[in-house]
Amino acid sequence: MPDATTGLWPWAQQMLQLLWPATVETLWMVLPSALGATLLGLPLGVLLVILAPGQVAENRPLHQVLSWGVNAGRSFPFIILMVAVIPFTRAVVGTTIGTAAAIVPLTIAAIPFVARLAESSLLEVDSGLVEAALAMGATPLQVVRKVLLPEALPSLILGSTLTVITLVGYSAMAGAIGGGGLGDLAIRYGYMRFQTDVMVVTVVVLIALVQVLQVMGDGLSRALYRRRSG
């Protein structure tokens, strides 16, 4: 903490030197992980919807297998998952520590989460729109592309925002195994070196980061909803 000998400005400079690279590392872990999880989880969520009983491409056995797999993936505590996928992480990025290595388990952990969020969003689409598209001869793929995804887009954006915020929390846990970022900063300085000021400021930065991400996601979702309604 700043005192009479050091002053506030040198303390603030020291905090900035610690927090800025840690914040950049956190974003570098979270944003690619969220993108990768969305690219893999969204199609999985679509399949969970269209293969379900009574849907456009009903396939009960395959739906049950996919649903079980997603539930199994969601049941893994993240700290255990990070350790379990160490061989795969090493094979993909060549190392098991650092920011790049943390992206692998973060992505894997978020895929089933994204799939369930996407499934929930797509199921909110008015079934009458789907039935109308089918009556006009649309294929299941066309129903997905022309009806389900466009209609559910505002809700999907909110789901993506929730995913990114969840990954911010996961990235803090990644610091426990040398993943870098704000979590690593809080552990190394705030916990191990008993620097309470670093711990407090790190928590404040994490809260601010989550708030900014939430506001951005909410704003984009509302803009898309107004554009669709207008």
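Bear in mind that the values in this text are calculations on the coordinates, not laboratory data. Note that the coordinates shown come from a computational prediction; the quantities given were computed from them, not determined experimentally. Note that each Cβ is placed from the backbone with ideal geometry, even for glycine, and that neighbours are counted across all protein chains shown.
Points worth noting:
- Where only alpha carbons of segment 1-70 are counted, the Rg and the Dmax (Å): 24.1, 72
- Simple point charges give the picture: +1 on the Cβ of Lys and Arg, -1 on the Cβ of Asp and Glu, and for the chain a dipole about the Cα centre of about 260 debye.
- Rounded Å value of the spacing that divides the Cα centres of segment 19-69 and segment 122-172: 12
- Using the Cβ-Cβ distance between Phe194 and Gln17 with R0 set to 30 Å, the FRET efficiency from 1/(1 + (r/R0)^6) comes to roughly 0.95.
- Under the criterion of Cα pairs below 8 Å and six or more residues apart, the relative contact order for the chain equals 25 percent.
- Sorted from longest to shortest, the spans of the Cα atoms of the chain along the three principal axes equal 78, 46, 24 Å.
- Kirkwood Rh (inverse of mean 1/r, distinct Cα pairs), segment 1-126, angstrom: 17.2
- In terms of surrounding Cβ atoms within a 10 Å radius of their Cβ, Ile79, Ile165 rank from fewest to most as Ile79, Ile165.
- Val215-Asp126 FRET efficiency (beta carbon distance; Förster radius 25 Å; 0.05 resolution): 0.30
- In terms of Cα atoms, the Rg and Dmax of segment 72-196 work out to 19.6, 67 Å.
- Within the chain, the whole DSSP H helices whose Cα atoms reach 18 Å or more along their own axis and whose mean Kyte-Doolittle score is at least 0.5 are 8-50, 99-123, 149-174, 196-229.
- Each Cα pair under 8 Å and six or more residues apart adds its separation to the average, and for segment 27-97 the resulting relative contact order is 13 percent.
- Residue-averaged 222 nm ellipticity for the chain, from DSSP H runs of 4+ at -39500 (n - 2.57), nearest 500: -26000 deg cm²/dmol
- Of the residues Leu156, Met136, Leu40, the one whose Cα sits farthest towards the positive end of the charge dipole of segment 19-229 is Leu40 (charges of +1 on Lys and Arg Cβ, -1 on Asp and Glu Cβ, taken about the Cα centre).
- Dipole axis of segment 19-229 (+1 Lys, Arg; -1 Asp, Glu on Cβ), positive-most option in Ile108, Val203, Trp20: Trp20
- The residue among Gly175, Gly69, Gly217 whose Cα reaches farthest toward the positive pole of the charge dipole of segment 19-229, with charges on the beta-carbon of Lys, Arg, Asp and Glu, is Gly175.
- Ordering Asp126, Asp218 from the fewest to the most neighbouring beta carbons within 10 Å gives Asp126, Asp218.
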